[in-house]
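This structure is in structure tokens; I'll ask about it shortly.
The values are calculated or read from the model by the stated rules, or taken from the named source; none is laboratory data. This one's a predicted model, so the numbers in the text were calculated from it and none came from an experiment. Here the Cβ positions follow ideal geometry from the backbone for every residue, glycine too, while neighbour counts run over all protein chains shown.
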Amino acid sequence: MSVVEFSAVTFSPAAPAIRGAHPTHLHHAARGAVAAAVASVPPITALHLSATDPIEPSGWTISDYVVSLPHGTLLFALTTGALAIGAGALAHGLAPTPGTGRIRALLGVWAAGLLIAAVFPTNLRGTPQNLSSNIHLLAGAVAFATLPIAAWLLARRLRRGAGHNSLPAAVLGASALVSGLLSTALIANRLPGVFGMTDLMLPPGILQRVAGAAQIVLLAVAAIAVLRARPDRELHPASTVAARIARPGRGAGTLAAEDLQA
């Protein structure tokens with residue numbers, strides 16, 4: 001086997017794999033994100049269960065429910081607040097991991113979009129749009145657009161570290177793709193109305209609910225993918241090279257060709 005010698009460099013034995021050891025800070029953060037995703041479901045479910053005629057889920061969006069039902073604002077705030085906390089926890093947990101800056105930034109933008117959408121409600125049906133409703137619309141579009149991108153980048157990060165053989169990364173990538181397609185359809189369905197044209201024919205209420213549910217699931221899947229990943233290999237691929245260098249029988253400072261491809 002051909003080798004590349006680094007005579008001036010000395011490597012110490014690598015630490016053992018983290019899997020099976022005590023939970024890391026990142027794992028605690030990921031568990032918090034999963035818990036936040038789960039906690040976001042009961043309030044939004046209660047919001048829908050409180051709906052009565054003429055409110056119906058096909059044509060009425062979640063935002064319409066929020067401003068039309070008792071305690072709608074509070075219930076929506078509880079859901080968006082839980083999701084924002086989950087995004088913040090995951091971003092904080094990823095902070096020490098190299099190459100996650102864009103992921104963390106997008107998680108922050110997603111959380112901000114959710115909170116802004118909660119603070120600025122839409123207008124009541126049948127009334128003219130106002131500043132609050134326009135801010136709500138823009139914040140919602142940003143939120144729906146950013147999480148699939150963040151999840152896709154995280155899946156790529158996990159795949160790159162695992163040598164394209166990571167099942168959690170593959171599941172996360174597929175989930176991000178599905179969520180992204182739903183978000184694209186939702187935004188495209190609403191976009192003509194922003195410019196005074198007729199909206200597309202897709203039922204806005206159903207489409208928004210499916211896309212919103214996909215976002216909750218996507219946050220949980222992203223956190224679970226981080227929990228299932230080997231931090232020494234998938235999130236810190238450089239340490240995999242160090243571990244190979246430290247194999248018994250290989251001289252210090254010697255890299256094999258397989259290591260250069262890690």
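Kindly indicate whether ILE18 is touching an Asp or Glu at 6+ places or on another chain (Cβ under 7 Å) and at pLDDT below 85.
yes
Which condition does ALA36 not pass, out of (1) of a type outside the set (D, E, K, R); (2) surrounded by fewer than 16 Cβ atoms within 10 Å (Cβ to Cβ); (3) modelled with pLDDT of 90 or more, if it passes all the others?
Only one criterion in (1) of a type outside the set (D, E, K, R); (2) surrounded by fewer than 16 Cβ atoms within 10 Å (Cβ to Cβ); (3) modelled with pLDDT of 90 or more is unmet by ALA36, namely (2).
Would you mind telling me which numbered condition in (1) under 19 Å from GLN215 (Cβ atoms); (2) in a loop (DSSP other than H, G, I, E, B); (3) in contact with a Leu (Cβ under 7 Å, 6 or more places away or on another chain) PRO57 fails?
It fails just one condition, (3).
Of everything in segment 41-67 that's at pLDDT below 90 and among the hydroxyl-bearing types (Ser, Thr, Tyr), which residue is farthest from ALA117 (Cα to Cα)?
Within segment 41-67, the match that is farthest from ALA117 (Cα to Cα) is THR52.
Restricting to segment 118-142, give me the number of residues that are basic (Lys, Arg) and either buried (at least 18 other Cβ atoms within 10 Å of the Cβ) or in a helix (DSSP H, G or I) (or both).
The total comes to 0.
Then there is this: Does THR52 count as hydroxyl-bearing (Ser, Thr, Tyr) and within 22 Å of PHE144 (Cβ to Cβ)?
For THR52, the condition - hydroxyl-bearing (Ser, Thr, Tyr) and within 22 Å of PHE144 (Cβ to Cβ) - is not met.
If ALA89 meets every condition in (1) part of a loop (DSSP other than H, G, I, E, B); (2) at pLDDT 95 or above apart from one, which number is that one?
(1)
Among the residues of segment 62-78, how many are buried (at least 18 other Cβ atoms within 10 Å of the Cβ), touching a residue at least 24 places away in the same chain (Cβ under 8 Å) and of a type outside the set (A, V, I, L, M, F, W, C)?
3
When only residues in segment 80-90 that are touching a residue at least 24 places away in the same chain (Cβ under 8 Å) and within 13 Å of the chain's Cα centre (by Cα) count, which is surrounded by the fewest Cβ atoms within 10 Å (Cβ to Cβ)?
Going through the qualifying residues, I end up with ILE85.
State all residues of segment 205-219 that are in contact (Cβ under 8 Å) with a residue 40 or more places away in the chain and under 16 Å from LEU177 (Cα atoms); if no residue qualifies, say none.
Passing the criteria: ALA211, GLY212, GLN215, ILE216, VAL217, LEU218, LEU219.
For a quick check of your reading of the model, give me the residue pairs whose first member lies in segment 98-110 and is at negative phi, whose second is assigned to a loop (DSSP other than H, G, I, E, B) and among the aliphatic types (A, V, I, L, M), with beta-carbon atoms closer than 9 Å and at least 6 apart or on different chains.
The qualifying pairs are ARG104/ALA95.
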